[in-house]
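The values are calculated or read from the model by the stated rules, or taken from the named source; none is laboratory data. Only a predicted model underlies this, so the values are computations on that prediction, with no experimental measurement involved. Neighbour counts run over all protein chains shown; Cβ positions are idealised from the backbone, glycine included.
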Amino acid sequence: MKLLFFDLETTGIKYWRNGIHQISGEVVIDGVSQESFNFRVQPNPRCEIDDEALRVCNVTREQILAYPPMGDVYRAFVDMLSKYVDKYDRRDKFFLTGYNNASFDNYFLKAFFVQNGDNYFYSWFWVNSIDVMVLATQHLMELRPDMPDFKQETVARALGIDLDPSKLHDAAYDIYLTKEIYKKLKS
């Protein structure tokens, strides 16, 4: 089983209007970590950049505009994927795995491919993904009425996972938390 744990940081919440400025994650095949990645990426030049989104991620407009160009990062990302998946083999794909990815990150990542002229997103990834937030719902169902929200930080705390609040909203750290939550839920 091929899992691509991933998290994105974006310039807003609308995949059709905002862009990606960080892609982080880990390739896990049959339970074994193969490779970690952390790409900083200059957002699509046509995207809107919301100041609130940058504040949440603790980055500035100047920082993200100095990141490597979107096309360069896209090519590096696809080169990495191609080490583990044969995009021409319909039976060889990754399960996208993240926290709240089904309703957020997956759309941004697919838009990123399209913005780079690649309409074959599903050559790399199964259309159905693993959303760790959804998996946690069943596990924490009885605690949910007493939880203030179902954000990744809150869920990690409810599962007894130690975390560093100063590192939240960095995609690389958020992937670490996603994997820790996933491990707790699977055990």
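The residues in segment 31-57 that are assigned to a strand (DSSP E or B) and over 16 Å from Ala111 (Cα atoms) can be counted, and the count is 9.
Name the residue that is nearest to Tyr182 (Cα to Cα), counting only residues in segment 78-117 that are of a type in the set (Asp, Glu) and in a helix (DSSP H, G or I).
If we filter segment 78-117 for residues that are of a type in the set (Asp, Glu), which is where we start, we get 79, 86, 89, 92, 105.
Okay, now just the ones that are also in a helix (DSSP H, G or I), so 79, 105.
Numbers: Asp79: 27, Asp105: 17 Å.
For segment 78-117, the residue satisfying everything is Asp105.
Output yes when any residue across segment 72-83 is aromatic (Phe, Trp, Tyr) and farther than 17 Å from Thr10 by Cβ, and no when none is. No, that holds for no residue.
The residue of segment 1-30 that is surrounded by the fewest Cβ atoms within 10 Å (Cβ to Cβ), among those that are aliphatic (A, V, I, L, M) and in a loop (DSSP other than H, G, I, E, B), is Met1.
When you check Ile161 against the structure, is it in contact with an Asp or Glu (Cβ under 6 Å, 6 or more places away or on another chain), touching a residue at least 12 places away in the same chain (Cβ under 8 Å), surrounded by 11 or more Cβ atoms within 10 Å (Cβ to Cβ) and not in a helix (DSSP H, G or I), yes or no? Yes; evaluated as a whole, the condition is true for this residue.
Got at least one residue in segment 125-139 being charged (D, E, K, R), within 21 Å of Lys2 (Cα to Cα) and in contact with a strand residue (DSSP E or B) (Cβ under 6 Å, 6 or more places away or on another chain)? Among the residues of segment 125-139, not one is charged (D, E, K, R), within 21 Å of Lys2 (Cα to Cα) and in contact with a strand residue (DSSP E or B) (Cβ under 6 Å, 6 or more places away or on another chain), which makes the answer no. Quick one: count up the residues across segment 43-64 that are over 28 Å from Val28 (Cβ atoms), surrounded by fewer than 16 Cβ atoms within 10 Å (Cβ to Cβ) and in contact with a strand residue (DSSP E or B) (Cβ under 9 Å, 6 or more places away or on another chain). Count: 2. Would you pick out the residues in segment 160-186 that are closer than 18 Å to Met133 by Cβ and among the polar types (S, T, N, Q)? Correct list: Thr178 only. Could you go through segment 68-77 and let me know if any residue there is at pLDDT 95 or above and outside any helix (DSSP H, G or I). Yes, segment 68-77 contains at least one residue that is at pLDDT 95 or above and outside any helix (DSSP H, G or I).
Take the residues in segment 140-182 that are in contact with a helix residue (DSSP H, G or I) (Cβ under 8 Å, 6 or more places away or on another chain) and hydroxyl-bearing (Ser, Thr, Tyr), then tell me which one is farthest from Gly25 (Cα to Cα). Checked segment 140-182; the qualifying residue farthest from Gly25 (Cα to Cα) is Tyr182.
On the stretch given as segment 101-117, residues that are more than 15 Å from the chain's Cα centre (by Cα) and surrounded by 15 or more Cβ atoms within 10 Å (Cβ to Cβ) total 2. All conditions but one from (1) out of contact with any Ser or Thr (no Cβ under 6 Å at 6 or more places or on another chain); (2) touching a residue at least 24 places away in the same chain (Cβ under 8 Å) apply to Arg91; the one that does not is (2).
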